[in-house]
Amino acid sequence: MSKFWSPLVATLVPYTPGEQPKIPNLVKLNTNENPYGPSPKVIEAIKTELNDNLRLYPDPEGDALKAAIASYYQVDRNQVFVGNGSDEVLAHIFYALFQHGQPILYPDVTYSFYPVYCGLYNIPSNPVALTDSFEINPEDYKQPNGGIIFPNPNAPTGRYLPLDQVEEILAANPDRVVVVDEAYVDFGGETAIRLVTRYPNLLVCQTLSKARSLAGLRVGFAVGQAELIEALERVKNSFNSYPLDRLALAGAVAAFEDHEWFEKCCQGVIGERERVTGALEALGFEVLPSKANFIFARKPGVEGEALARGLREQGIIVRHFNKPRISDFLRITIGTAEQNDALIAGLKSL
Ligand code: PMP
C-alpha cells in the first residue's frame, strides 16, 4: 500500500473487466458486445454533432435522450435517469437507493460489479444462492434486506425470471427498492418497465451497450417513479453533472429512433443463439436456457478453463469464471454467423 493512498482505497476490491485484446482478428466472444454494430443513423447523428458546439458543455439533464426513452417506453420524462453506461447508473443506485446498514440481496451467481459497489460504499451484502437449475427463486427474496438487485436475464447464466415472479419479489418488499438490471432484456425477455406505475419500489436499469450495440459510447439509463429518479439526480449532481457528452447524447437519441435496425439485430442474435445452442448440445454440452446475447455452457467431465485455453489457442476468446459452482462453465457471446461457426468448429476440435 502506498503512503499516498487513502485508507478507503486500500480496502477496495475492484471489478475486473473482460479482456479487450490488442491483437487484431481474434474471434471476440468474451464481453457480450453486439456483433452487428450500431444503426447507421447513430453514426450520422454523431457526425452531425461533431461541430464547434463541442466547446460548450452538454445538456446536464440529457433532456433529449430522456424524452426519447420516455416516448419509447410510454413513461414520463421525470421517470427517466440517464448516465455514462449502466455501470455508472448502478453506482448511483447503490449509493442513493439502498439502505446502507442492512444487507443487499443479490443472486449468487450474478454480475460481479454488485459486490464491488457494496465494497466501495461499505454496504453489507447477503448473496442468495441460485436454485440447482441456476434460477432465481422469489421465495428467497422474502427476508430482511436493505435493497434487492438482480439482472433479468441473469448474468452470466442467461436465465430469465418471468415478470409474475419479479412482481412477487416487488410485492414482498414494499419498503425496499428492488432493482431489475435489464442489460440483456431485449434478446427475448419482457421489460419490467410497464410495472413502474404500480410499484413505487421498482427501478429498472438498462443499457445501450448490448441490444443497441453502443458499448463504446457508454450510455445507460434507469426508469422508476419520480421519487427514485430524484435521488439519483442528487447523487449525479454531487459527482459529475455532465455524465453524457454531446456525441453520446446525439448517438443515443438516434439509436432510439431506429426501431427497424434494433429489431433486426435482436432477431439476428436470437436466431444465432438458438443455432449455437443446438450445435453445442450436439457436441455433448449442457447449455442453460438463455434469453440473453450469450450462452452459459459446460461439457460434463471437462474443465472450463481447459476449454477456454484451447479456444484461445485458436484465436477465439470466451469468458471463464474461476468461481465456485460455475468454474466448469464458459460464457460465450453470440457473434456473427461466421464467428459462431468458428466457435463451433473450435470446440469440436478440442
Ligand atoms: N449489468 C449487467 C448485468 C451487465 O452484464 C453489464 C455489462 N457488463 C452491465 C450492467 C453494464 O453495462 P454498461 O456499463 O456497458 O451499460
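The values are calculated or read from the model by the stated rules, or taken from the named source; none is laboratory data. Quick caveat, the model's predicted, so the values are computed rather than measured. Counting neighbours? That spans all protein chains shown, and the Cβs are built from the backbone with ideal geometry, glycine included. The area values use the complete protein model at the heavy-atom level, side chains included, leaving out ligands, DNA and RNA. Shrake-Rupley method; radii C 1.70, N 1.55, O 1.52, S 1.80 Å.
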Does region 89-100 contain at least one residue that is in a loop (DSSP other than H, G, I, E, B), within 16 Å of the ligand (Cβ to nearest atom) and open to solvent by 50 Å² or more (accessible area, probe 1.4 Å)?
no
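Okay, residues lined up against (1) closer than 19 Å to residue 340 by Cα; (2) open to solvent by less than 60 Å² (accessible area, probe 1.4 Å):
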position	(1), (2)
2	no, yes
6	no, yes
12	no, no
16	no, no
26	yes, yes
30	yes, yes
38	no, yes
Filter region 200-217 down to the residues that are in contact with a Ser or Thr (Cβ under 7 Å, 6 or more places away or on another chain) and open to solvent by less than 20 Å² (accessible area, probe 1.4 Å), then identify the one that is nearest to residue 31 (Cα to Cα).
207
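Among the residues of region 10-25, is any over 30 Å from residue 312 (Cα atoms) and either in contact with a Leu (Cβ under 7 Å, 6 or more places away or on another chain) or outside any helix (DSSP H, G or I) (or both)?
Yes, there is a match, as at least one residue in region 10-25 is over 30 Å from residue 312 (Cα atoms) and either in contact with a Leu (Cβ under 7 Å, 6 or more places away or on another chain) or outside any helix (DSSP H, G or I) (or both).
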Before we move on, is residue 55 under 23 Å from residue 192 (Cα atoms), modelled with pLDDT of 95 or more and open to solvent by 50 Å² or more (accessible area, probe 1.4 Å)?
no
What do you reckon, is residue 159 open to solvent by 10 Å² or more (accessible area, probe 1.4 Å) and closer than 22 Å to residue 227 by Cβ?
no
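To keep it simple, each residue is scored yes or no on (1) in a loop (DSSP other than H, G, I, E, B); (2) in contact with a Lys or Arg (Cβ under 7 Å, 6 or more places away or on another chain); (3) aliphatic (A, V, I, L, M).
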{"site": "127", "(1), (2), (3)": "no, no, no"}
{"site": "135", "(1), (2), (3)": "yes, yes, no"}
{"site": "161", "(1), (2), (3)": "yes, no, yes"}
{"site": "169", "(1), (2), (3)": "no, no, yes"}
Which number in (1) surrounded by 18 or more Cβ atoms within 10 Å (Cβ to Cβ); (2) out of contact with any strand residue (DSSP E or B) (no Cβ under 8 Å at 6 or more places or on another chain); (3) hydrophobic (A, V, I, L, M, F, W, C) marks the one condition that residue 302 misses?
(1)
Expected single match for open to solvent by 60 Å² or more (accessible area, probe 1.4 Å), of a type in the set (A, V, I, L, M) and within 16 Å of the ligand (Cβ to nearest atom) among 65, 130, 120 is 120
State the number of residues belonging to region 174-192 that are surrounded by 21 or more Cβ atoms within 10 Å (Cβ to Cβ) and either more than 16 Å from the ligand (Cβ to nearest atom) or polar (S, T, N, Q) (or both).
2
Among the residues of region 245-273, write down those that are assigned to a loop (DSSP other than H, G, I, E, B) and either touching a Phe, Trp or Tyr at 6+ places or on another chain (Cβ under 6 Å) or open to solvent by less than 20 Å² (accessible area, probe 1.4 Å) (or both).
258
Scan region 218-229 for residues that are open to solvent by 30 Å² or more (accessible area, probe 1.4 Å) and either among the aromatic types (Phe, Trp, Tyr) or in contact (Cβ under 8 Å) with a residue 60 or more places away in the chain (or both) and report the count.
3
